[in-house]
Ligand SMILES: [Zn+2]
C-alpha cells in the first residue's frame, strides 16, 4: 500500500525542557535552526541541549502495527542487488587490508558483525533524503543509485512504540540490539532523513520481495528548468543558480541539495542541468518514479 508522499508536510516538535509539543511548518524549522524562533512553551532557543526536536506525529499511520506490513517501504543503495543474498562483506578485502585488520580470524569476526547489522527501510521521502546525503557527504557523488520498493512479509511482528534514531549514535545498529527474539521489525524516529518520519530497522528475513529502479530516471529532466539553469550558469551567478534550485525544493532540502548538485569547474552546463533536474524530479514528481517502479519485476528476497 502506497502512502501519500509529501516532502513539505508539517512536522511535530517536542521540547525536551518543558514538554510542550506542537506542529510547525518546514519554514519554521529553518528559522529555528537559525536561532530566530523559540519554544512557545518555555522560550528556549536551539542553542540548548534539551531544546525542542522533531518527534513522531501521533497521526502517522505507520504507528499502527497492522499497517506496517501492508505499507510499501523504500531504500536507496548503490548496490544493484540490495539486499544481497549470502552477503560477504570481506569478499573485496585485499590481502594487505586483511593483514592490517589483524589476520583472517579478526576479519571473520568483523564480517560476522557486518552481517548482523540491521537493514533500514523508510518512507519514500527518507530514501531520497538518504541518497542526497550520500551524494553530498560521502564518496558516492558519481555512483549510480537504485531505489527499492520493499514488501514485507504479511505476518511481521512489530516492536511496540518507536525508538530514537539509532544511527544518531553509531551510524549502524546490530539487529539483535533493536529486534529481540520474536520481533521482526522496530520502528525508529528519524532526525536526519525525512525528519520526524518513522523508519524500520529489520532483518533480511522480514522482506518478502523488492522492486528496484536506477535513479534518477534517465529522461526525467524538465527542459524549461534546464534552459533557465544553463542561462544562469552562463551569467556565472551563483545566487541566480541557487534561486533556480531553491524554487523547486522544500526548505529542509535546499541546504542538503545544493552541495549534491554543486556545479564544478569543467562540467558541461547542459549535462549538469539535465542531471540536476532529473535529481529534482525525484522530489517534485514522485508519481512518475512510482509509476516506473510499478513496471519493474519483483525480486524474491526471502528463501
Ligand atoms: Zn520548551
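The values are calculated or read from the model by the stated rules, or taken from the named source; none is laboratory data. Keep in mind that this is a model prediction, so the values were computed, not measured. Don't worry about glycine lacking a Cβ; one is built from the backbone with ideal geometry, like all the others, and counts go over all protein chains shown.
One table, with the values for the structure above:
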{"read-out": "Test for residue 110: is it more than 16 Å from the ligand (Cβ to nearest atom), out of contact with any helix residue (DSSP H, G or I) (no Cβ under 6 Å at 6 or more places or on another chain) and closer than 23 Å to residue 133 by Cα", "value": "no"}
{"read-out": "Selection from the range 87-101 of residues that are over 20 Å from residue 172 (Cβ atoms) and out of contact with any helix residue (DSSP H, G or I) (no Cβ under 7 Å at 6 or more places or on another chain)", "value": "94, 95, 96, 99, 100"}
{"read-out": "Evaluation of residue 158 against (1) surrounded by fewer than 17 Cβ atoms within 10 Å (Cβ to Cβ); (2) touching a helix residue (DSSP H, G or I) at 6+ places or on another chain (Cβ under 7 Å) (one fails), failing number", "value": "(1)"}
{"read-out": "Number of the exception - residue 102 against (1) away from the ligand (no atom under 13 Å from the Cβ); (2) on the phi > 0 side of the Ramachandran plot; (3) in contact (Cβ under 8 Å) with a residue 12 or more places away in the chain", "value": "(3)"}
{"read-out": "Among residues of the range 105-131, those that are in contact with a strand residue (DSSP E or B) (Cβ under 9 Å, 6 or more places away or on another chain) and in a helix (DSSP H, G or I), counted", "value": "9"}
{"read-out": "Condition check for residue 18: within 16 Å of the ligand (Cβ to nearest atom) and in contact with a helix residue (DSSP H, G or I) (Cβ under 9 Å, 6 or more places away or on another chain)", "value": "no"}
{"read-out": "Set 185, 170, 178, 210: member being more than 14 Å from the chain's Cα centre (by Cα) and modelled with pLDDT under 90", "value": "170"}
{"read-out": "Residue satisfying condition, being within 30 Å of residue 142 (Cα to Cα) and within 19 Å of the chain's Cα centre (by Cα), within set 76, 55", "value": "76"}
{"read-out": "Residue that is nearest to residue 124 (Cα to Cα) [pool: residues in the range 32-46 that are more than 9 Å from the ligand (Cβ to nearest atom) and crowded, with 16+ Cβ neighbours inside 10 Å]", "value": "32"}
